[in-house]
Amino acid sequence: VDSDKSGNQNRFILNSSGSENAATLTLIGYKGGRLQDQVNQDRAFVLSPYSFWNIGKSKASQKKKQQPVARLLGVFDGHAKFGEKVSEYVVRTLPPLLGNKLVNYIATDTQSDNRDASAMEARDRNIVKILHDTFVELDASAPAHLSGGCTASLVLQLDSQVYVANAGDSRSFVAVHFNSHAATDKDGGEQEAVTKIVFATREDKPHLGEEQ
């Protein structure tokens, strides 16, 4: 909380939302001037479950007896003037755009029940292409002409598979949490709960050779 000279308290600009199992939290980047004049250019979503199979009401996709366990998490950091307009556009447009592509792919996937390694690798390549195409379409259609843009860091879970895509210098981390249990550690005590980061995206910076 911030107080001005008259003693009035201004709520510090901190936005959050969530449920018992998921949450988002953003903090405005201070760019000078009055606190109440700062613009939050960050956007985020947690869709759990991500019921993409209801998008477009595809009969082919709804014929499947069991839909995959699906979750979608995204963080979008707007930058430059009007960057919040781009991040707002992306956060509203990406889930249905990606969902339509997933629905169309699953409707034509004749190997969806094949757990063979080669079939799963082919499925992974198709999902990666869908994510890539989604990013490219958003980049082309976003209102960047207003002067602005945003990063994107996205995590998609489909059953036991997790796909991560990012553009810009926002990062995603995949972590695994192990609860404490009765087994003893090397010192004879109960093993404590631990959280381990098992994967992290890189920050796409302009100085990287692949980005030039």
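The values are calculated or read from the model by the stated rules, or taken from the named source; none is laboratory data. This is a predicted model, so every value here is computed, not measured. When we count neighbours, we look across all protein chains shown, and the Cβ atoms used for this are built from the backbone with ideal geometry, even at glycine. What goes into the accessible areas is simple: the full protein's heavy atoms, side chains included, and nothing from ligands, DNA or RNA. Shrake-Rupley method; radii C 1.70, N 1.55, O 1.52, S 1.80 Å.
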- Members of the stretch 49-69 that are at pLDDT below 90 and polar (S, T, N, Q): ASN54, SER58, SER61, GLN62, GLN66, GLN67
- Message: Kindly evaluate ASP133 against the criterion of being in a loop (DSSP other than H, G, I, E, B) and touching a Lys or Arg at 6+ places or on another chain (Cβ under 8 Å).
- Response: no
- Does GLY148 satisfy the criteria of being in contact with a helix residue (DSSP H, G or I) (Cβ under 9 Å, 6 or more places away or on another chain) and either at pLDDT below 90 or open to solvent by 90 Å² or more (accessible area, probe 1.4 Å) (or both)? yes
- When LEU72 is evaluated against the numbered criteria (1) at pLDDT 90 or above; (2) over 14 Å from the mean Cα position of the chain (by Cα); (3) within 17 Å of SER153 (Cβ to Cβ), which criterion, by number, is the only one it fails? (2)
- Task: Please go through the stretch 137-171 and pick out each residue that is closer than 15 Å to ASP204 by Cβ and of a type in the set (A, V, I, L, M, F, W, C).
- Result: CYS150, ALA152, LEU154, VAL164, ALA165, ALA167
- Message: Taking the criterion of being at pLDDT 75 or above, surrounded by 15 or more Cβ atoms within 10 Å (Cβ to Cβ), not in a loop (DSSP other than H, G, I, E, B) and not hydroxyl-bearing (Ser, Thr, Tyr), would at least one residue in the stretch 27-34 satisfy it?
- Response: no
- For the stretch 151-163, the count of residues that are farther than 16 Å from TYR105 by Cα and buried (at least 19 other Cβ atoms within 10 Å of the Cβ) equals 5
